[in-house]
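Report on the structure given below.
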Protein chains: 2
Amino acid sequence: MAYKAPVADYDFLWRHVLDAERQLLDMTGGALGVDDAAAVFAAAADFAVSELHPLNASGDREGSVLRDGRVVTPTGFDEAFRGYARGGWMGVEIPTELGGEGMPHLLTAPMGELWSAANSAFGLCTGLTVGAIHAIGAVGSPEQKQTFLSPMVEGRWTGTMNLTEPQAGTDLAAIRTTATPNEDGSWRVRGQKIFITWGDHELSENIVHLVLARTPGAPDGLAGLSLFIVPKFRLDANGAVGERNDITTVALEHKLGIHASPTCVLEYENATGYLLGDLHRGLTSMFVMMNVSRMGIGVQGLGIADRAHQQARDYAQQRLQGTPVGRDRGTPIAGHPDVARLLTSSASLISAARGVLVQVALWQDLAEQGDETARAAADFFSPIVKGWFTEESVRITSDAVQVHGGAGFIEETGVAQHYRDARITPIYEGTTAIQANDLVGRKVIRDSGAVASTLLDAIDKDIVDLRAVDHEVVDRTVERLERAVALVRQATATLVSRSEERPRDVQAASVNYLTMWGLLAGGWMLARSVTAALRVDDVDTRRRTVEADFYGAHHLSRIASLHEALIAGEIA
Amino acid sequence: MAYKAPVADYDFLWRHVLDAERQLLDMTGGALGVDDAAAVFAAAADFAVSELHPLNASGDREGSVLRDGRVVTPTGFDEAFRGYARGGWMGVEIPTELGGEGMPHLLTAPMGELWSAANSAFGLCTGLTVGAIHAIGAVGSPEQKQTFLSPMVEGRWTGTMNLTEPQAGTDLAAIRTTATPNEDGSWRVRGQKIFITWGDHELSENIVHLVLARTPGAPDGLAGLSLFIVPKFRLDANGAVGERNDITTVALEHKLGIHASPTCVLEYENATGYLLGDLHRGLTSMFVMMNVSRMGIGVQGLGIADRAHQQARDYAQQRLQGTPVGRDRGTPIAGHPDVARLLTSSASLISAARGVLVQVALWQDLAEQGDETARAAADFFSPIVKGWFTEESVRITSDAVQVHGGAGFIEETGVAQHYRDARITPIYEGTTAIQANDLVGRKVIRDSGAVASTLLDAIDKDIVDLRAVDHEVVDRTVERLERAVALVRQATATLVSRSEERPRDVQAASVNYLTMWGLLAGGWMLARSVTAALRVDDVDTRRRTVEADFYGAHHLSRIASLHEALIAGEIA
């Protein structure tokens, strides 16, 4: 059950589809071209394949457990974590001013796929730490940055996100955890937080909890929340790890998947915390972290999906069972038309998602250089990356089980783990509905569809270029894309027109709308991949052509039925 | 986490949609009208709710385990099995000439939903026993019937199906287990069988294994297989349970779901068996059992789906989280438009599947009375019931997890079990692709689409009647059904026309074709349910109308995209 990192695929996307050599060099002051990005990516792939992937199945079996109040992580995770820190992987995407490498999203977003494909439970620990670094970097005081950033960037300390309480999941306004001021300027934090991913463990010397809490006299609801840094171990005057803070790990959850990741119930009794950012602006501060994390969860969905797909494909290329129609005896089951259908379906979705991912990552990079059009595009797509990739990951891992037949249902085969692991991705960091409401509410209705329209125009412009390509698959793809663009344009207008009078119709249609965008963007990127492959005579041109054609027939075609349901609005 | 049996729903379908009072009385010699069927169903529901359902979650946690060579089933399963036998439930669907109650499929098929919803792992044991009874009844010798049927119908002995071997799953031609004749007319069976559901346990006094094996000098492939009765305990001269047969339970599989059901690796060393049916006709004999079982698995998918949906609906009606747009504060999450979308999606699919189930069951009953048109319809739909219901059960249980948010991912919540349990249903008793190949190959292409055409004509005829109903939802549904019928008709013609020259295109499209039929038949039955409800002013008319309207917009609409992919054929 080998895992092969998609090194060549991302190289192709960077080099030929985005033609990003110039942009990479520009944004890194000439330090990093495509060759350099590919080399860093290949090194990350090596670490993922050799150090993280071997712990994925064993980590699932062993799980993290709570023993005498201490969280015991699966065998090998401590060594893997040390290796990750030693390799400097925690800092690659952290801006240089925060002590990191400042590598562009165009490189680091795909790297997220590697960690998740190899070991999604492990990747959560490092991903959340990166999110916490960003939050502290964005709103922390100079002292806080001084104290916390280096140990975190160096991978000595890790970070967590403490939002959820039993009565406050999606609705953070219901948070009851309190923080009361101490005389020395610190705060006393009290309350129970649940679903805290990597909330306790001993991989790192300290754990930096970012905790949403309510201060005395604060307004009700979201506007009364403030964010606090609450470390597992208090810090002495020199910022070194001191005595234990008053935080108890009450329980670990027994979950469907990601067993190696300890999901904690944390009791804050008399815990010392430090206000991070402005009072009553906790949600804004936390959103810095949540925005990093939700993109990361979208990429996690992609990584788990690809791992499951690879396993199914490898199995299908070896397993003999019957002779596929029109094929020679001895042809493995991958030759059966329906097995091929499942495999190509998954492969085409994964390639589409990778295309969307690098395009969005490039927009993020350009946004950080001040390009406002790119910023709008990146913001528009962040809920799509989260919502669409993760929903498709559930489908792809399910199809990977199906390809295995009865063997897929046996845990030792290993593919069932991916099916279990993937199921959390459309839930945490905001369910698909939450992503869809963000997309429709904040990104479409607020500007009456202006950004959506700009993006559709960009796709239309590419379609004009595509028409110049003389290839039957491109011809078909152009025709399918044109239909899809027209439907998404129509859906956008429908939602905008209904926003005032029929808000429930809009919300009932929001997930379909998000899915339509994901499917369309995936088709757009596959079309660009085929034309790029034809242009440069890429070694995988045939596979890319098949994927685009299949995706057009099987996945772009879904847009029409989603649109029909969208138009119907709420049916209740 | 209560489970409510769908007593009123089936009563409505029997009484008002199928108008089956006359038919029920005719086929039971006046013994059983709708009121009587409803009473039996309600009694079964009582047993399922009070005796089987309480063991579902605990059975999942404990699982069946192999201890010192013996299979230990979860706490309470033995008592539940005795209660099931005592209640006479094993015999309800067994023909009277085989010692059963001979109740019509119209009643017993929905009863299968009860067992699976309450405890799908338990229901496998009894379902397989019923299948084995049918096989022995169909092809057994008078002595074999005399010996085996009574103890099985009375629930003292259980039955299993032994097909799969490591190299022979979907491809039974690869079976290597051998049977060599003994001097006394019995056979010596040797070989290893895997994935044997309820292959060993101590709930019953004996286990009657039906084993596919190859005899000396038999032709290669499927034509060389014969079926043998191999009991766990040999029988003495009086047919009483004697010494242990030479069958060893080598291992139990660790599975994704249905943990309470022991899935055995059985080693037949020197086991005594008895030829069942004709030599070299083993597959035909086994198909009697497989046909019973695969319908049963379709119904299992439905049962698990409904159980998961009920749990999600109950949770959503209690859980408070934010205030749904346009609703009062304190409205639970079921009031959020996207939660409502997920719940109505599942509810409408479940209602559609129930409608299809009773229609197919009625065809089965009429077929047994000699109605050849009904037989053709029932045969046509048996792969659809298996393939479509089970695929939708994966979707519905996944959506039920999603409705729960983070809590859905926690095993103690219980909904994750349904998601795990459901995943086997599109695999065992023939994967969805196998069902689809049966549908397309044996039921469509063989008669050039004649039966398909007859069925489509029947739906068209109902559409004419529907047009007479003055109701906006019915109007919309008629329009949607007409489009769906046209597409299925076109798809049928496409597959028939390609059958000679393009067999791979046909197989690549077969699952889509099966799904199109399932969706269409579901829409047809929901339309009939709405008109029946309007006619009799049913208490649930509003819900039925909403479900039909939602299903039309969200599920019938899927047919168009499935058709677009079907037309494309194989893309490789």
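The values are calculated or read from the model by the stated rules, or taken from the named source; none is laboratory data. This structure is a prediction, so every number in the text was calculated from the model and none was measured. Heads up, the Cβs are rebuilt from the backbone with ideal geometry, glycines too, and the neighbour counts pull from every protein chain shown.
Does A:M90 meet the test of being closer than 19 Å to A:Y10 by Cβ and assigned by TED's automatic domain parsing to the domain that holds A:M27?
no
On the given criteria, is A:T390 within 11 Å of chain B (Cβ to nearest Cβ), of a type in the set (S, T, Y), surrounded by 22 or more Cβ atoms within 10 Å (Cβ to Cβ) and not in a helix (DSSP H, G or I)?
When the stated conditions are applied, A:T390 does not pass them.
Which pairs have Cβ atoms under 8 Å, sit 6 or more apart or on different chains, and link a residue in segment B:424-440 that is within 17 Å of B:F287 (Cα to Cα) to one that is of a type in the set (A, V, I, L, M) and assigned to a loop (DSSP other than H, G, I, E, B)?
Correct list of pairs: empty, since none qualify.
Can you tell me how many residues within segment B:18-42 are more than 15 Å from B:E101 (Cα to Cα), under 22 Å from the mean Cα position of the chain (by Cα) and assigned to a helix (DSSP H, G or I)?
Counting residues in segment B:18-42 that are more than 15 Å from B:E101 (Cα to Cα), under 22 Å from the mean Cα position of the chain (by Cα) and assigned to a helix (DSSP H, G or I) gives 2.
Which residue is nearest to the other protein chains (Cβ to nearest Cβ), if the candidates are limited to segment A:539-572 and must be surrounded by fewer than 24 Cβ atoms within 10 Å (Cβ to Cβ), of a type in the set (A, V, I, L, M, F, W, C) and closer than 14 Å to B:A565 by Cα?
Going through the qualifying residues, I end up with A:A553.
Right, A:T263: within 9 Å of another protein chain (Cβ to nearest Cβ) and surrounded by 24 or more Cβ atoms within 10 Å (Cβ to Cβ) or not?
yes
For B:G257, which of the numbered conditions (1) more than 14 Å from chain A (Cβ to nearest Cβ); (2) in contact with a His (Cβ under 9 Å, 6 or more places away or on another chain) fails to hold?
It fails just one condition, (1).
Does A:A312 satisfy being modelled with pLDDT of 95 or more and in contact with a helix residue (DSSP H, G or I) (Cβ under 7 Å, 6 or more places away or on another chain)?
When the stated conditions are applied, A:A312 passes them.
Go over the candidates B:G159, B:G155 one by one and state the one that is on the phi > 0 side of the Ramachandran plot and either touching a residue at least 60 places away in the same chain (Cβ under 8 Å) or assigned to a strand (DSSP E or B) (or both).
Checking each option against the conditions leaves just B:G155.
Regarding segment B:286-298, can at least one residue be identified that is surrounded by 21 or more Cβ atoms within 10 Å (Cβ to Cβ), under 29 Å from B:A117 (Cβ atoms) and within 14 Å of another protein chain (Cβ to nearest Cβ)?
yes
Please go through (1) in contact with a helix residue (DSSP H, G or I) (Cβ under 6 Å, 6 or more places away or on another chain); (2) part of a helix (DSSP H, G or I); (3) of a type in the set (A, V, I, L, M, F, W, C) for A:A57 and return the number of the only condition it doesn't satisfy.
It fails just one condition, (1).
All but one of (1) more than 12 Å from chain A (Cβ to nearest Cβ); (2) among the small types (G, A, S); (3) buried (at least 24 other Cβ atoms within 10 Å of the Cβ) hold for B:G449; state the number of the condition that does not hold.
(3)
Cβ contacts < 6 Å: first residue without any contact (Cβ under 8 Å) to a residue 12 or more places away in the chain, restricted to segment A:316-345; second residue polar (S, T, N, Q), any location; separation 6+ or different chain. Result?
These pairs meet every condition: A:R329/A:T323.
In segment A:213-229, what residues are in a strand (DSSP E or B) and in contact with a Ser or Thr (Cβ under 7 Å, 6 or more places away or on another chain)?
Here is the first cut: in segment A:213-229, the ones in a strand (DSSP E or B) are A:213-214, A:225-229.
A:A213, A:R214, A:S226, A:L227, listed by residue number.
Is it the case that segment B:526-537 has a residue that's out of contact with any helix residue (DSSP H, G or I) (no Cβ under 8 Å at 6 or more places or on another chain) and either facing chain A (nearest Cβ under 7 Å) or without any contact (Cβ under 8 Å) to a residue 40 or more places away in the chain (or both)?
Looking for residues that are out of contact with any helix residue (DSSP H, G or I) (no Cβ under 8 Å at 6 or more places or on another chain) and either facing chain A (nearest Cβ under 7 Å) or without any contact (Cβ under 8 Å) to a residue 40 or more places away in the chain (or both), one finds at least one in segment B:526-537, hence yes.
Examine segment B:158-168 for a residue that is within 14 Å of chain A (Cβ to nearest Cβ) and of a type in the set (V, I, T), and state whether such a residue exists.
Yes: segment B:158-168 contains one or more residues that are within 14 Å of chain A (Cβ to nearest Cβ) and of a type in the set (V, I, T).
Considering only segment A:406-419, how many residues are surrounded by 24 or more Cβ atoms within 10 Å (Cβ to Cβ) and at the interface with chain B (Cβ under 8 Å from one of its Cβ atoms)?
Step one: of segment A:406-419, the residues surrounded by 24 or more Cβ atoms within 10 Å (Cβ to Cβ) are A:408-409, A:415-419.
Among the residues that remain, those that are also at the interface with chain B (Cβ under 8 Å from one of its Cβ atoms) are: A:408-409, A:416, A:419.
Qualifying residue count, segment A:406-419: 4.
Go through segment A:211-252 and give me each residue that's of a type in the set (S, T, N, Q) and in contact with a helix residue (DSSP H, G or I) (Cβ under 9 Å, 6 or more places away or on another chain). Can you show your working first?
Within segment A:211-252, the subset of a type in the set (S, T, N, Q) is A:215, A:226, A:238, A:245, A:248-249.
Correct list: A:T215, A:S226.
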